[in-house]
Amino acid sequence: MRDIEDLIQKAVELQSNGLITAQIADELNVSRETVIWLLTRSKKEETTPAPKDISVNWNSIGKSAKRLHDVSLALCDMVLETLEKTNTEVDVVVGIAANGIPLASMIAYELGADLAIYHRKGQDIVKAGHRGTISRNFGSVAGKNCVIVDDVITTGSTSMEVIEQLREMDAKPRVVVVLVDKKGVDTIYNVPIQSLVRIARLD
């Protein structure tokens, strides 16, 4: 129960600092529905049962450049293993802001690839039909083989959004690589998913 109270406190703190639901979900590595539940519960309102979700705290990796580098090497190995099957080279590594960027930077360096950054939009903006963008300050993705990097897959919606955007830009998403896969699928939009850890529910 203490972990839930900590999550509630963190969610409230992030909201008071101006973060929106999608940003809080990214920071806490939980679904947006879980964030709404946490914020509702903080107000002591009557709530529905907690969503089936798992909070992922990878702070022990994120606070250490050496650990990030070591984990990035493991993710690189998984990327190369996946692409070897199709004899495909990596041109660009696309980091999903904000948590995917440190990993993507190191992976791009190790693979000798360009680095691109995908900025997500807020949930309300996405509902209105606007999606995130590839930053113009980093590598170009048009016509290139891309590896997508994020920290956690919860519902897969962000990965789907990035894959769609890359395809619209004539890029070729080849693999999505993450630290933790909470969704537990092998592919998203026919793009393989590779993760260091996969969460499996036994319902």
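In a DSSP loop and with at most 16 other Cβ atoms within 10 Å, the GluC sites (Glu not before Pro) in the stretch 22-81 are E45, E46.
Only one item in (i) 36; (ii) 41; (iii) 51 matches percent of Cα pairs over 24 Å apart derived from the coordinates shown, and that item is (ii).
The residues of the chain expose, per residue, 54 Å² of accessible area to a 1.4 Å probe. Relative to the longest principal axis of the Cα atoms of the chain, the long axis of helix 65-84 makes an angle of roughly 60 degrees.
May I ask you to rank K43, K172 by accessible area, largest first, using a 1.4 Å probe over the protein chains only?
On the way: K43 125, K172 80 Å².
Sorted descending by solvent-accessible area, the residues read K43, K172.
Roughly speaking, to the nearest percent, how much of the stretch 60-120's 1.4 Å accessible area is carbon and sulfur? The value for the stretch 60-120 is 51 percent carbon and sulfur by accessible area.
Computed from label points 7 Å out along Cα-Cβ, the spacing between S60 and N137 is 3.3 nm. Rounded to the nearest 10 degrees, the angle from helix 2-16 to the longest Cα principal axis of the chain is 80 degrees.
Can you say what percent of the DSSP beta bridges in the chain, counting only those with both residues inside, are antiparallel? Round to 5. Could the numbers behind the result be given before it?
Values: 4 of 26 bridges.
Once the DSSP bridges in the chain are tallied, antiparallel ones form about 15 percent.
With the charge dipole of the stretch 81-170 set up from +1 on Lys and Arg Cβ and -1 on Asp and Glu Cβ about the Cα centre, the Cα lying farthest toward the positive end among the listed residues I163, Y109, V90 is that of I163. Ranking E168, E161, E5, E13 from most to least accessible surface, computed with a 1.4 Å probe over the protein chains only, gives E168, E13, E5, E161.
Which whole-number percentage describes the relative contact order of the chain, with Cα contacts under 8 Å and a sequence gap of 6 or more? Please report the intermediate quantities before stating the final value.
On the way: 334 pairs, mean separation 32.5, N = 203.
Relative CO of the chain lands at 16 percent.
Shape of the stretch 10-70 from the C-alpha gyration tensor: prolate (a/c of 1.5 or more and a/b above b/c, with a ≥ b ≥ c the square roots of its eigenvalues). Once a ≥ b ≥ c are taken as the square roots of the eigenvalues of the Cα gyration tensor of the stretch 50-92, is the result rounded (a/c under 1.5), prolate (a/b larger than b/c) or oblate (a/b not larger than b/c)? Oblate is the answer for the stretch 50-92, as a/c is 1.5 or above yet b/c matches or exceeds a/b.
With a cap of 14 neighbouring Cβ atoms within 10 Å, and only residues DSSP puts in a loop, list the trypsin sites (Lys or Arg not before Pro) found in the stretch 135-182. Please list the in-between numbers first.
Working: sites: R136, K144, R167, R174, K182; in loops: R136, K144, K182.
Filter output for the stretch 135-182: R136.
Helical runs (DSSP H, four residues minimum) scored at -39500 (n - 2.57) apiece and divided by the length of the chain put the mean residue ellipticity at 222 nm at -12500 deg cm²/dmol. For the residues T187, T86, T34, a GNM of the chain with alpha-carbon springs under 10 Å puts the largest fluctuation on T86.
The values are calculated or read from the model by the stated rules, or taken from the named source; none is laboratory data. Computed from a predicted structure; not experimentally measured. Virtual Cβ from ideal backbone geometry, glycine too; neighbours counted across all protein chains shown. Calculation scope for accessible area: heavy atoms of the full protein, side chains included, ligands and nucleic acids excluded. Shrake-Rupley method; radii C 1.70, N 1.55, O 1.52, S 1.80 Å.
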